[in-house]
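The values are calculated or read from the model by the stated rules, or taken from the named source; none is laboratory data. Computed from a prediction, not measured in an experiment: that's the story for all the values here. Cβ atoms come from the backbone with ideal geometry, glycine included; neighbour counts cover every protein chain shown. Surface accessibility is based on the protein's heavy atoms, side chains included, excluding ligands, DNA and RNA. Shrake-Rupley method; radii C 1.70, N 1.55, O 1.52, S 1.80 Å.
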Amino acid sequence: YTFGEALEHRIIREVEFIDGAWSRDGVNTINEFVTRLLDARISTEKEVGLQPGQMRVIVRCGEAADIIAIARELQTRGESVIGVHERFKKSDGAIFRQEVPDPDIEAARFWVHQNKLLEGLDDPAFRLVAVFGAFPNARNLVQQVGRVIRNPTRAAGQKAFVLAHQQD
């Protein structure tokens, strides 16, 4: 069963890659990335006809420190966010979780992680994956994109989006 056949049968959404660019110098990296991320969320919501805040976003990071920095920056900008990593503790703050919450209960729009959201997360509200930390292999990339391409209602014209740095 090919990707093209799955698209034709509306089992999955078409994938559109967004070519991002943000500084990787360490000083402004997080700020620039979050700005690009929020711009991408706004433009993709408009493109698919969703009201602001209806779309959920997965952000993939390369390490726990990036999860913390990105989640805090999103929170500072007024966004609902959680960070998920096996090393997080309750003392890290309410937005940081060790385990993946149930998407039917958790209301956060941005879910930031390293490896916890690659498999087993099925919620059609996730439409955008943002890659801040590159994947160690192609399998993980495919698994991550798989979180946003499901089309359970088989609606026509559905799209999912992947934001990545232009060098990646």
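I'd like the full set of residues that are open to solvent by 70 Å² or more (accessible area, probe 1.4 Å) and over 23 Å from residue 21 (Cα atoms), limited to the stretch 121-157. Matches in the stretch 121-157: 122, 139, 150, 152, 153, 154, 157. Taking strands (runs of 3 or more DSSP E) as the structural unit, those lying wholly within the stretch 88-168 and holding at least 2 residues that are more than 25 Å from residue 51 (Cβ to Cβ) and under 16 Å from the mean Cα position of the chain (by Cα) correspond to 159-165.
Checked against (1) in contact (Cβ under 8 Å) with a residue 12 or more places away in the chain; (2) open to solvent by 40 Å² or more (accessible area, probe 1.4 Å), residue 27 meets all criteria but (1).
Answer yes or no as to whether residue 57 is part of a strand (DSSP E or B), closer than 23 Å to residue 93 by Cα and hydrophobic (A, V, I, L, M, F, W, C). Walk me through how you get there before you give the answer.
On the way: part of a strand (DSSP E or B): yes; closer than 23 Å to residue 93 by Cα: yes; hydrophobic (A, V, I, L, M, F, W, C): yes.
Yes; evaluated as a whole, the condition is true for this residue.
Can you tell me which residue in the stretch 60-72 is surrounded by the most Cβ atoms within 10 Å (Cβ to Cβ), limited to those that are part of a helix (DSSP H, G or I) and touching a strand residue (DSSP E or B) at 6+ places or on another chain (Cβ under 9 Å)?
Step one: filter the stretch 60-72 for residues part of a helix (DSSP H, G or I), giving 64-72.
Restricting the remaining residues to those that are touching a strand residue (DSSP E or B) at 6+ places or on another chain (Cβ under 9 Å) gives 64, 66-68, 70-72.
Numbers: 64: 17, 66: 21, 67: 26, 68: 20, 70: 24, 71: 28, 72: 18.
Checking each candidate, the answer is 71.
Could we say that residue 6 is buried (at least 16 other Cβ atoms within 10 Å of the Cβ), aliphatic (A, V, I, L, M), without any contact (Cβ under 8 Å) to a residue 40 or more places away in the chain and not in a loop (DSSP other than H, G, I, E, B) here? Let's see the steps before the verdict.
Details: buried (at least 16 other Cβ atoms within 10 Å of the Cβ): no; aliphatic (A, V, I, L, M): yes; without any contact (Cβ under 8 Å) to a residue 40 or more places away in the chain: yes; not in a loop (DSSP other than H, G, I, E, B): yes.
Criteria not met by residue 6.
The lone criterion from (1) open to solvent by less than 50 Å² (accessible area, probe 1.4 Å); (2) without any contact (Cβ under 8 Å) to a residue 40 or more places away in the chain; (3) of a type in the set (Val, Ile, Thr); (4) farther than 24 Å from residue 136 by Cβ left unmet by residue 84 is number (4).
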